[in-house]
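As structure tokens, the structure follows; a few thoughts come after it.
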Amino acid sequence: MKKIYFDNAATTKIDPSVLTTINHVMKENYGNPSSSHSFGRASRTIVEKARKSIAKEFGVSSTEIFFTSGGTESDNMVLVSAVRDLKIETIITSKVEHHAVLNVAKYLEKTYSINIIYVNIDPNGSVDYKDLEQILESNKSRKLVSLMHVNNEIGSILDIKRVGNICKQHNAIFHSDTVQSIGRYKIDLSDINIDFIVGSAHKFHGPKGIGFLYVNKELNIEPLVIGGSQERGLRAGTESVHNISGMETAFLLAYENLKKDKEHILGLKNHFINKAKKDIANIKFNASCDDTNSNTYTVLNVCLPVKKEKSVLLEFNLDLKGIACSRGSACQSGSSKGSHVLNQILDPKDLEKPSIRFSFSKYNTIEEVDLVIDTLKDFIESN
């Protein structure tokens with residue numbers, strides 16, 4: 001049975017070149033990068049080379065890039081440190097953020113008694129920029145705006161340059177969870193007023209368990225993980241040299257092949273939309289998933305015309321056919337509460353129907369799209 005992986009927003013297949021890099025470094029460069037001998041210096045060189053590669057792509061100093069275990073740790077570092085060290089009193093975010101932001105905000109609200117304000121979103125899950133401006137104008141406390149660049153469930157895209165300008169006008173610190181956009185969109189931090197972004201290698205065909213955090217050099221925050229002086233004192237723990245090097249390889253490949261991969265993936269998405277609309281009556285695309293001007297080219301969130309009592313069999317049926325996809329985010333797929341994102345934008349009737357997220361990568365094919373839609377059609381039309 002052919003297996004089809006359409007869950008690339010959850011994680012991606014590791015690139016063979018990345019595996020080669022990781023295996024080489026694990027075999028040849030096993031010194032601790034904090035050691036002063038030649039083995040340690042060789043490892044340190046690898047770490048700093050990766051840091052410079054990432055910084056160069058973003059147009060920032062390498063001293064502003066810090067290696068972490070991934071997006072969740074990085075988001076935690078930003079929000080906790082902002083309240084603890086930068087004396088933030090109000091966090092402005094939205095109800096469609098990843099739980100790496102939402103749950104930390106709730107924790108800080110309870111623990112530090114800070115104020116959480118949720119900006120309005122439109123029916124497509126996009127931020128209401130006028131509402132954001134009004135919130136910032138009316139609130140005179142020390143503020144942090146935390147809004148994700150690309151939504152992991154419905155793919156809506158935030159205009160981070162516009163938000164950055166709004167934040168600058170109102171003296172607010174700006175953090176964006178960019179986990180879903182790193183390796184898929186060009187981000188020139190020298191041209192955007194943004195203070196924190198985060199990345200996770202496994203979202204762009206790199207290894208799991210490694211990521212990075214960009215911190216504006218004008219902001220001084222303290223470590224969340226306390227111990228040694230690694231990462232210039234901001235993140236203790238021996239650096240995972242092989243994973244850092246693997247992330248660098250994946251990062252460079254993603255941006256080197258950005259145009260080609262985008263054209264391929266966008267072709268898959270458009271083919272999925274056109275064939276699905278033709279073959280499946282009453283299918284809906286949640287938010288603006290069928291509009292690539294306002295949504296990412298990698299994600300489709302589809303509401304299927306399936307009765308509630310039959311919908312419980314849908315994921316099971318797809319899995320039996322070897323098709324991997326997701327109900328909302330992978331972090332939420334085991335929850336009985338359903339998607340907190342879709343709960344914000346869908347009407348009660350559509351919430352009763354199953355919504356499935358399909359997300360694509362450079363490894364997917366048109367033939368796979370056809371097979372998935374045929375499988376969906378057969379399931380919907382079966383008794």
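The values are calculated or read from the model by the stated rules, or taken from the named source; none is laboratory data. No experiment lies behind these values; they were computed from the predicted model shown. As a convention, Cβ positions derive from the backbone with ideal geometry for all residues, glycine included, and neighbour counts pool all protein chains shown.
Specify which of the listed residues (Glu97, Glu109) is more than 23 Å from Lys217 (Cα to Cα), crowded, with 22+ Cβ neighbours inside 10 Å and among the charged types (D, E, K, R).
Working: Glu109 fails: crowded, with 22+ Cβ neighbours inside 10 Å.
Result of the check over Glu97, Glu109: Glu97.
Looking only at region 356-383, filter to residues that are among the polar types (S, T, N, Q) and at pLDDT below 95; which one of those is surrounded by the most Cβ atoms within 10 Å (Cβ to Cβ)? Break it down stepwise before answering.
Step one: filter region 356-383 for residues among the polar types (S, T, N, Q), giving 359, 361, 364-365, 375, 382-383.
Checking which are at pLDDT below 95 leaves us with 382-383.
Numbers: Ser382: 9, Asn383: 3.
Applying the filter and picking the extreme gives Ser382.
Determine which member of the set Ser113, Ser81 is touching a residue at least 40 places away in the same chain (Cβ under 8 Å) and among the small types (Gly, Ala, Ser). Steps first, answer last, please.
Working: Ser113 fails: touching a residue at least 40 places away in the same chain (Cβ under 8 Å).
None of the other options fit; the residue is Ser81.
Please find, within region 1-31, the residue that is farthest from the chain's Cα centre (by Cα) out of those that are more than 18 Å from Ala254 (Cα to Cα) and β-branched (Val, Ile, Thr).
Val25
Which pairs have Cβ atoms under 6 Å, sit 6 or more apart or on different chains, and link a residue in region 186-200 that is under 21 Å from Thr296 (Cα atoms) to one that is surrounded by fewer than 19 Cβ atoms within 10 Å (Cβ to Cβ) and not β-branched (Val, Ile, Thr)?
Asp188/Gly59; Leu189/Gly59; Ile192/Lys161
Within region 110-133, take every residue that is closer than 13 Å to Thr90 by Cα and β-branched (Val, Ile, Thr) and give me the one that is farthest from the chain's Cα centre (by Cα).
The qualifying residue farthest from the chain's Cα centre (by Cα) is Ile114.
Criterion first (loosely packed, with under 14 Cβ neighbours inside 10 Å and of a type outside the set (Gly, Ala, Ser)) does Asn295 satisfy it? If you could, list the steps in order and put the result at the bottom.
Working: loosely packed, with under 14 Cβ neighbours inside 10 Å: no; of a type outside the set (Gly, Ala, Ser): yes.
No: the conditions fail for Asn295.
Being in a helix (DSSP H, G or I) and over 30 Å from Thr298 (Cβ atoms) is the filter here; which residues of region 27-56 pass it? Even if it seems obvious, please write down each step before you answer.
The initial filter retains those residues of region 27-56 that are in a helix (DSSP H, G or I), namely 27-28, 38-56.
Across region 27-56, the qualifying residues are Lys27, Glu28, Ser38, Phe39, Gly40, Arg41, Ala42, Ser43, Arg44, Thr45, Glu48.
Right, Asp350: in a helix (DSSP H, G or I), without any contact (Cβ under 8 Å) to a residue 40 or more places away in the chain, among the acidic types (Asp, Glu) and surrounded by fewer than 18 Cβ atoms within 10 Å (Cβ to Cβ) or not?
no
Can you find, within region 176-212, the residue that is surrounded by the most Cβ atoms within 10 Å (Cβ to Cβ) among those that are touching a Leu at 6+ places or on another chain (Cβ under 9 Å) and of a type in the set (Lys, Arg)?
Arg184
Among the candidates His98, His37, His24, which residue alone is of a type outside the set (A, V, I, L, M, F, W, C) and touching a Cys at 6+ places or on another chain (Cβ under 9 Å)?
One residue alone meets the criteria, His98.
Can you tell me which residue in region 314-346 is farthest from the chain's Cα centre (by Cα), limited to those that are assigned to a loop (DSSP other than H, G, I, E, B) and at pLDDT 90 or above? Explain how you work it out, then say what you get.
Of region 314-346, the ones assigned to a loop (DSSP other than H, G, I, E, B) are 321-322, 325, 327-341, 346.
If we keep only those that are at pLDDT 90 or above too, we end up with 321-322, 325, 339-341, 346.
Numbers: Lys321: 28, Gly322: 25, Cys325: 16, Ser339: 16, His340: 16, Val341: 14, Leu346: 22 Å.
Here the residue is Lys321.
Touching a Gly at 6+ places or on another chain (Cβ under 7 Å) and assigned to a loop (DSSP other than H, G, I, E, B): is that true of Gly246 in this structure? Please lay out each step first, then the result.
Working: touching a Gly at 6+ places or on another chain (Cβ under 7 Å): yes; assigned to a loop (DSSP other than H, G, I, E, B): no.
No: the conditions fail for Gly246.
Any residue in region 76-87 that is part of a helix (DSSP H, G or I) and in contact with a Cys (Cβ under 8 Å, 6 or more places away or on another chain)? Spell out how you get there, then give the answer.
So the first thing to find is which residues in region 76-87 are part of a helix (DSSP H, G or I), and the list is 76-84.
Among the residues that remain, those that are also in contact with a Cys (Cβ under 8 Å, 6 or more places away or on another chain) are: none.
So far as region 76-87 goes, no, none of its residues is part of a helix (DSSP H, G or I) and in contact with a Cys (Cβ under 8 Å, 6 or more places away or on another chain).
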